[in-house]
1. What's the angle, to the nearest 10 degrees (0 to 90), between helix 271-285's Cα axis and the longest principal axis of the chain?
2. Show that you can apply the helix-only estimate: for the chain, add -39,500 (n - 2.57) for every DSSP H stretch of four or more residues, divide by all residues, and state [θ] at 222 nm to the nearest 500.
3. Under a plain spin-label model, where a point goes 7 Å from the Cα along Cα-to-Cβ, how far apart in nm are ARG126 and ARG347?
4. Rounding to the nearest 20 debye, state how big the charge dipole of segment 176-259 is about its Cα centre with +1 on each Lys and Arg Cβ and -1 on each Asp and Glu Cβ.
5. Given charges of +1 on the Cβ of Lys and Arg and -1 on the Cβ of Asp and Glu, with all other atoms neutral, how large is the dipole of segment 15-158 about its Cα centre, in debye to the nearest 20?
6. For segment 374-391 and segment 87-125, compute the distance between their C-alpha centroids and round to whole Å.
7. How many nm is it between the label spots at THR400 and ILE257, if each spot is 7 Å from the Cα in line with the beta carbon?
8. Please work out whether segment 147-232 counts as rounded, prolate or oblate from its C-alpha gyration tensor, where a ≥ b ≥ c are the square roots of the eigenvalues and a/c under 1.5 means rounded, while otherwise a/b larger than b/c means prolate and anything else oblate?
Amino acid sequence: MARVPVPSVPSRLPEIEISSAPRRGAQSAALVFAPDGTDGDRAAVDGVRPPERAGDVREVPEGKDRWLAGVGAGEPKDFRAAGAALIRAVDGDEKPPRILEIGLAADVTAEQIENLVAGLLLGGYRFTVTADAPKPGVRTIRLVTGDAHAGTVERVRHLAAAAAFARDLANAPSNVKDPAWLADTASAGVAGLANLTATVRDERWLRDEGFGGVLAVGGGSASPPRLIELAYRPRGAKRHLLLVGKGITFDTGGLSIKPADGMHLMRTDMAGGAAVLAATRAIAALKLDVKVTALVPAAENHVSGTAYRPGDVVRHYGGKTTDVSNTDAEGRMVLADALAYGIKRFRPDAVVDVATLTGAMKVSLGLRTGGLFANDDELARRVADAGERAGEQWWRMPLTEDLADSVRGEIGDVRQAPGGPGGIAAALFLREFVDGAAWAHLDIAGPARSEKNYADVVPGGTGFAARTLVELAASYT
C-alpha cells in the first residue's frame, strides 16, 4: 500500500523580523493593555472597543491597526496568549496578509517579547493531511521595536521550531509513521547541523546487543523496531546530558488490547521521543556548550501471533529480567533498554527520560501539567526551573520508598506493572535501570496531547517537554 503524503516535516513557521520603524506593504495590529489589569471603560479605536482580556482579538475594518489584541495586565503569559490568539485571527481572515506588523511599546521587556513571539509562531500551527492546497497564512511577522531584542527573537524562534517539530512527529498518522519513518525523518531533520550526528540501529543490531524490551514490544508488528541515536558533541564541552524518549509509533496495547475508543490517539504515543529529538536539534542549532546524547527506542506495539505475552520474562540490555504482566505497559519496557544502554555506554552527568507513560498521571495532574520524578534534588530543580522558563508546567511526584518492593519480580528480577499508584510504580520500575545515575523521569501523558486551543497550543500533539529540555541543557552551559 502506498504511503499517504503528509505535510513537510519539519513545519515551516512564519519568519520574524525586527524593525525600528513601520514600513509600507504590511497590515498591522496593536497590543492593548487593560488599565491596571482591570476591565475599565475604554475609548473606542476607529469605532471598535479595545479588548481587555489577554487573548481577546477584535478586528477594526477601516482602522490603521486592523486587529487589536488584548494583553490584559501585560504579564508574560498574557503576551503568549495574545500572540497565539492574534495569529489565529489573522490567519483566519479570508485573505490574510503576507506581512503582519506589530508595534511594541518602548518599555517592552525581553520576557514579554519571548512570550509574544512564542504565541505568534506556534498559535497558528496546523498539521492536516488533505487533498486541498494549504490555506495561505502570514509569512512574515515584523515587530517594530529596538534592535536590542534581535537576539531574544532568534532564540525563541529555535525553541518554537523545536515544539513545532515535536508536534509534526507526533501528529503524523501511524500508517506513515512506523519506526523506520521516524528514524529516517529524525535523521533528515538534523542533517547539516554542526557537531550533530544521527545513527539508526536496526533490529539485527538490537538483537545482537540484547535489547530484549524493544524487541519484545516490537515483535508483534510487521514494521521492525529501531533505536535512534543522536550525538551532539561541541568542542570543549564538559557536561554530558543523556535524553531518552519513548518512541512507540502506535500502541494497540498488544495482547492486553486497549478499548477502541481513543485508540486513534495512540499515534502520539511517541511524543516523548519526539520531544527528545526536537530538543536535541534545537540544542545544536543554538550551539549550546553541552554534550547531548539522545536515544529514542522506536517500536510499534501490535497484536499478532508474534506479539509478546503477559507472563513472559524479558531480558533487557545489561541482563536484568522483567516479569511481564500487561503488554500495554510497553513504554517502560523500551525505556529500560535505552536507559541501561545509554548510562553504561556514555556515563552522562545527568539522565532525563520523557514518555507518555501512564494514564494515572492524567488523573493526578490533569492535561496541562507534566509529572516530574527524580532521584536527585538538583536535577529536579533544574527541570522545574527550565519548565518555568519555557512556559511548561511540571509538578514533582514522589518516588515512594515503601512501594519499592512492589516492583520486585516473582520469576524475573523486576515486575513490569505491579499495580498500585500507576505513575509512581512506573517510575520505580525505571529507577531499577539507572544504576545510581542522577536521573529524572518526565511523564507527559496528560499535556502531550490537546483537544482544544490554549496559550500557544492547538489540538493534536502539543510538543510539550521539548522546550523544557532545551532550557535544561542551557542550564549546564
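1. Helix 271-285 sits roughly 60 degrees off the main axis of the chain.
2. Working: 12 runs with 147 residues, N = 477.
Calculated from helices alone, the mean residue ellipticity at 222 nm is -9500 deg cm²/dmol.
3. If labels sit at ARG126 and ARG347, their model points lie 5.2 nm apart.
4. Values: 11 positive and 8 negative charges, 89 e Å.
So the magnitude is around 420 debye.
5. Charge dipole of segment 15-158: 500 debye, to the nearest 20.
6. 29
7. Those two pseudo-labels are separated by 3.3 nm.
8. Details: a/c = 3.41, a/b = 2.06, b/c = 1.66.
Prolate shape, in that a/c is at least 1.5 and a/b is the bigger ratio.
No lab work stands behind these numbers, since they all come straight from the coordinates. From a predicted model like this one, the values you see are computed outputs, not experimental measurements. A quick note on method: Cβ atoms are made from the backbone with ideal geometry, for glycine too, and the neighbour counts reach across all protein chains shown.
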